[in-house]
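So the structure is just underneath, and the comments pick up after that.
The values are calculated or read from the model by the stated rules, or taken from the named source; none is laboratory data. Here the structure is a predicted model, which is why all the values come from computation and not from measurement. Positions of Cβ are backbone-derived with ideal geometry, glycine not excepted, and every protein chain shown enters the neighbour counts. Ligands, DNA and RNA are stripped out before the accessible areas are found, and what is left, the full protein with its side chains, is counted by its heavy atoms. Shrake-Rupley method; radii C 1.70, N 1.55, O 1.52, S 1.80 Å.
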Amino acid sequence: MTKKFYDNYVLKYPIKVLLILFICIAFLGYHSSKLEIDASSETLLLDDDKDLKFAREVNKNYHNPDFLLITYKPKDDLLSDISLENLKKLSDELIKLKKVKSIISILNVPLLQSPVQEISQLVNNIKTLSNSNPNKDLVRKEFLESELYKNSLVSKDFTTTAILLNLEPDIKYFELLEKRNSLLSKRRDNSINDEEENELTTVVAEFKAYRDIQREEDHENIVAIRNIIKMYHNDADLFLGGVGMIADDIIGFVKNDLLIYGSTLVFLLIFILWLIFRQVIWIILPIIICSLSVVSTAGVLGLFGWEVTVISSNFIALQLIITISIVLHLIVRYKELSDKYTKSSQYKLVINTILSKLNPSFFAIITTIAGFGSLVLSGIHPVKNLGWMMSAGIAISLIISFFIFPAILIMIKRINSVKQSKFKLSIIKASSNLVQKKGPLIIILSTVIVIFSLTGSSKLIVENSFINYFKKSTEIYKGMEVIDEQLGGTTPLDVILTFNTEEKNLKEEKKEKNSSENDFDSFEDEYAKSENDAQYWFSEDKMNIILRVHNYLESIPEVGKVQSLGTILKLGKTLNHGEELDGFKLAILYNKLPLEYKKILLSPYVNIEKNQARINIRVVDSNPELRRNNLINKINKDLDKILKDRSVEFRLSNLMILYNNMLQSLFDSQIKTLGFVVGILFIMFLILFRSITVAIIAITANVVPISILFGIMGWLNIPLDVMTITIAAISIGIGVDDTIHYIHRFKEEYKKDHNYINAMKRSHESIGYAMTYTSLVVIIGFSILVLSNLIPTIYFGLLTVIVMITILASALVLLPKLLIIFKPYGNKEKSHV
């Protein structure tokens, strides 16, 4: 049936087939221009994380605007006239930008202790460096010692300060985001109706369109800020930080990686193809097929709106590697038939090449799709997307290769090998001898690898600091390092305290039971209403609880800066002549403080309407002793003991929790994806080889080399992250191609003389070269990932290279040895082991 299809269509009408194919690819090529990149923090979050919903609620309840941060380290003293003048000029330039709403710096923060004033005086007479002429020694002392500013606004050595750029709120963006997330949540819960499904499609399209416009504006804003900063580099060391800047830079990294991976790999492929074949046709044809495959896949991604993330930024490299592997097997087979049957026509060479390679190539690609497809089991959205993207891309590569290769070859003359073109590799002969003469050594080494891997996998960790995602030469790393080490830490963690929850419920129940007692009800209603008033909210019990939690959090070594109402309470004690602030004075601050200062001092930490207090912590992300999950568990456990009052509830929130949830899911994702792909591969091996013995041999020959990945990561303390969890599934998906092609060829060779040793030698001398060539391309292809600015991508490239080398070694050494030992095809003729 396959032969008939090729005879009647592909080989009979090659020009028409190519024309139809090119029209389809041109259509996809148009949509490839719509390919988008998403580097938002949401790409590192779990789809169904309950903490994410809570974090969004917290963000609504407290004054917490989007911001960018500039670290400013002048060459002169921080309070010198020239440093302050430059800081003022810089601030004046920055505030002119459309996206910047306000700026907080040492110039305009309230000076509360320079000198110390009564609280009643402070409310109406807030002094700053810019609106008064305070004693600079007192100012320096306040910045270094004040609970409000030390280790946050200024560094401990008083050489560096932070300039906070509060950005204009984007109400429409968050409205669309909330609407989209609400509908997506309904879809996940299977509670969405047809009308809402249509609405979701509309909202997603509207959100993406609006987001893309805002991203462009954000990029222009960041470029403008950096251009302003450059003007002051002669006078100070400045670094830009913030979530928006990181997302914008990552998009730049991904675009750069896509360009570098594609262009560099194409040049490397041309060099390797010339080195191996020394014929122009065998260079041009693979490059054409690879290029069309990449364009088609990019078009599919653009057509279906699948966005490229940090995790999927290497899809071009993966696509090129897998496509060239398919084409190399076809070329080697064609050349092998051409050398063997010197008088055969071009038609016979082409049709026999296609027929002999279609079955193993099809199953090899199906298993590769299974490898990538297993990634959809992950709870991390971009990992799922990578699975879908590459599954579609691999299928496209198979279709394009098996149409274009025969269609082009049938239109040209027979291609004879150039005598000098035979690129021999000593590894083939060496591995053949090793299998024949060193069988026990192969088994021993394989056992050692398994032991190494099992012991190493027991040491696997999921800890990975965000700062270490980037090279030290990048602006992101430099900025985060300064903030982390000198300005109180980078990773935010919130403790949300909710007061009197049970008391309120009891009061409501009591009122229902005693509805006849009108006077009592009236009093209760009045009390409940008054409780939301500032004077009644700032009770002594609440303040004591907040201070206890605040002081505890400050005592944790991994924690940098802690800010809360407790900060104001400590500061207020100094302003109040050593006496604690009572509820009345706190209420004055809350009600009478000018709005611009209230947003700095109180609004981020108190929500009277929700009866809540927020304690914000910044964790020192670069601390090598930091173990996020252990720290979170410790805080939860200790706060249970500290907050013995049942009327107070607490919950941890913010990026630290969301990031840790993602990290903790990696073990589960790794087990699911690897277990799925091994199970699927075993079933496919049974279908393909129709022998449980061969299926077990094939799985063993793949699992042993794959296991070395976990051994290396465990022993070298390389953490599991969103990139490295994909290596095993991807490697086994790609590496299994060699297993299928080798077993398929081994069986054919065994039929000739029923001798396992001879079958092994002939298989090595034929398919062994194709396997080595494709593996060489794969290894070199993945090695270019070290050019990335993203450390996880570099790890991904290096570890995949190591795994692919061991997979090739296993296919050339362990696999044939197991076939010889277990003799799955019978033992009709005695062979030497």
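Tell me, which residue of region 560-580 that is crowded, with 23+ Cβ neighbours inside 10 Å and in a strand (DSSP E or B) is nearest to the chain's Cα centre (by Cα)? That would be G560. Of all residue pairs spaced 6 or more apart or on separate chains, those with beta-carbon atoms under 7 Å, a first member in region 657-668 that is farther than 15 Å from F54 by Cβ and a second member that is of a type in the set (A, V, I, L, M) and in a helix (DSSP H, G or I) are M662/L44; L666/I725. Being under 31 Å from the mean Cα position of the chain (by Cα) and either assigned to a helix (DSSP H, G or I) or among the basic types (K, R) (or both) is true for just one of Y773, Y795. Which residue is that? Just a single option satisfies the conditions, and that option is Y795.
Filtered by the rule that a residue be within 21 Å of K570 (Cα to Cα) and either out of contact with any Ser or Thr (no Cβ under 6 Å at 6 or more places or on another chain) or surrounded by fewer than 20 Cβ atoms within 10 Å (Cβ to Cβ) (or both), region 99-109 gives a lone residue, V109.
Would you please list the contacts, defined by Cβ atoms under 6 Å and residues six or more apart or on different chains, that run from a residue in region 280-291 that is at pLDDT below 95 to a residue that is open to solvent by 20 Å² or more (accessible area, probe 1.4 Å) and outside any loop (DSSP other than H, G, I, E, B)? Within 6 Å, the pairs are I283/I270; I283/W274. What number of residues in region 73-98 are in a loop (DSSP other than H, G, I, E, B) and buried (at least 20 other Cβ atoms within 10 Å of the Cβ)? Qualifying residue count for the region: 1. Scanning region 625-644 turns up no residue that is among the β-branched types (V, I, T), in contact (Cβ under 8 Å) with a residue 24 or more places away in the chain and either in a strand (DSSP E or B) or within 30 Å of K127 (Cβ to Cβ) (or both).
In region 439-474, of all residues being more than 22 Å from K73 (Cβ to Cβ) and among the charged types (D, E, K, R), the one that is farthest from the chain's Cα centre (by Cα) corresponds to K459.
Taking (1) among the β-branched types (V, I, T); (2) modelled with pLDDT under 85; (3) not in a helix (DSSP H, G or I) in turn, T342 satisfies each apart from (2). In region 475-490, the residue that is nearest to P74 (Cα to Cα) out of those that are in contact with a helix residue (DSSP H, G or I) (Cβ under 9 Å, 6 or more places away or on another chain) and open to solvent by less than 10 Å² (accessible area, probe 1.4 Å) is G479.
Can you tell me which residue in region 47-58 is nearest to N654 (Cα to Cα), limited to those that are part of a helix (DSSP H, G or I) and open to solvent by 70 Å² or more (accessible area, probe 1.4 Å)? That would be R56. Among the residues making up region 734-758, those that are polar (S, T, N, Q) and in a helix (DSSP H, G or I) are T739, N758. Residues that are of a type outside the set (S, T, N, Q) and surrounded by 24 or more Cβ atoms within 10 Å (Cβ to Cβ) are absent from region 276-284. Q214 meets all of the listed conditions (1) under 30 Å from Y72 (Cβ atoms); (2) among the polar types (S, T, N, Q); (3) open to solvent by 60 Å² or more (accessible area, probe 1.4 Å) but one, namely (3). Scanning region 292-302 for residues that are among the small types (G, A, S), surrounded by 23 or more Cβ atoms within 10 Å (Cβ to Cβ) and either over 18 Å from I408 (Cβ atoms) or without any contact (Cβ under 8 Å) to a residue 24 or more places away in the chain (or both) gives A298, G299. Between I260, I222, the distinction of being at pLDDT 90 or above, part of a helix (DSSP H, G or I) and of a type in the set (A, V, I, L, M, F, W, C) belongs to I222 only. For region 408-429, give me each residue that is in a helix (DSSP H, G or I) and modelled with pLDDT of 90 or more. Hits for region 408-429 are I408, L409. Output yes when any residue across region 762-780 is farther than 25 Å from L688 by Cα and open to solvent by 40 Å² or more (accessible area, probe 1.4 Å), and no when none is. Yes; the residues of region 762-780 include at least one that is farther than 25 Å from L688 by Cα and open to solvent by 40 Å² or more (accessible area, probe 1.4 Å). Here G242 meets the list (1) in contact with a Lys or Arg (Cβ under 9 Å, 6 or more places away or on another chain); (2) at positive phi; (3) not polar (S, T, N, Q) almost entirely, failing just condition (1). Looking only at region 225-241, count how many residues are part of a helix (DSSP H, G or I) and open to solvent by 20 Å² or more (accessible area, probe 1.4 Å). Total satisfying the criteria: 3.
Let's see how each residue does on (1) touching a strand residue (DSSP E or B) at 6+ places or on another chain (Cβ under 7 Å); (2) touching a residue at least 12 places away in the same chain (Cβ under 8 Å); (3) surrounded by fewer than 23 Cβ atoms within 10 Å (Cβ to Cβ):
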| residue | (1), (2), (3) |
| --- | --- |
| V786 | no, yes, yes |
| I794 | no, no, yes |
| T800 | no, yes, no |
| V803 | no, yes, no |
| A809 | no, yes, yes |
| L812 | no, yes, no |
| I821 | no, yes, yes |
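Here the condition is being closer than 22 Å to V722 by Cα and of a type in the set (A, V, I, L, M); of L445, L375, L409, it holds for L375 alone. In this structure, is I276 free of Cβ contacts under 8 Å to residues at least 40 places away in the same chain and either within 32 Å of the chain's Cα centre (by Cα) or part of a helix (DSSP H, G or I) (or both)? No. Only one entry in I428, I412 is open to solvent by less than 60 Å² (accessible area, probe 1.4 Å) and in contact (Cβ under 8 Å) with a residue 60 or more places away in the chain, namely I428.
Selection of region 708-733 for residues being open to solvent by 10 Å² or more (accessible area, probe 1.4 Å) and either basic (K, R) or assigned to a helix (DSSP H, G or I) (or both) yields I708, F710, I712, W715. Scanning region 1-32 for residues that are open to solvent by less than 90 Å² (accessible area, probe 1.4 Å) and outside any helix (DSSP H, G or I) returns a single hit, L11.
The residues on offer are V677, V694, and the sole one that is crowded, with 18+ Cβ neighbours inside 10 Å, more than 16 Å from N464 (Cβ to Cβ) and in contact with a Ser or Thr (Cβ under 8 Å, 6 or more places away or on another chain) is V677. Just give me the residues in region 446-483 being of a type in the set (D, E, K, R) and touching a residue at least 40 places away in the same chain (Cβ under 8 Å), in sequence order. Correct list: K459, E463, K471, E475, K478, E481. The condition of being open to solvent by less than 50 Å² (accessible area, probe 1.4 Å) and under 24 Å from D49 (Cα atoms) holds for only one of G252, G244, G262, that being G244. Checking the condition of a type outside the set (G, A, S) and open to solvent by 30 Å² or more (accessible area, probe 1.4 Å), which residue from I331, I288, I354 passes? I288 is the lone residue from the list that is of a type outside the set (G, A, S) and open to solvent by 30 Å² or more (accessible area, probe 1.4 Å).
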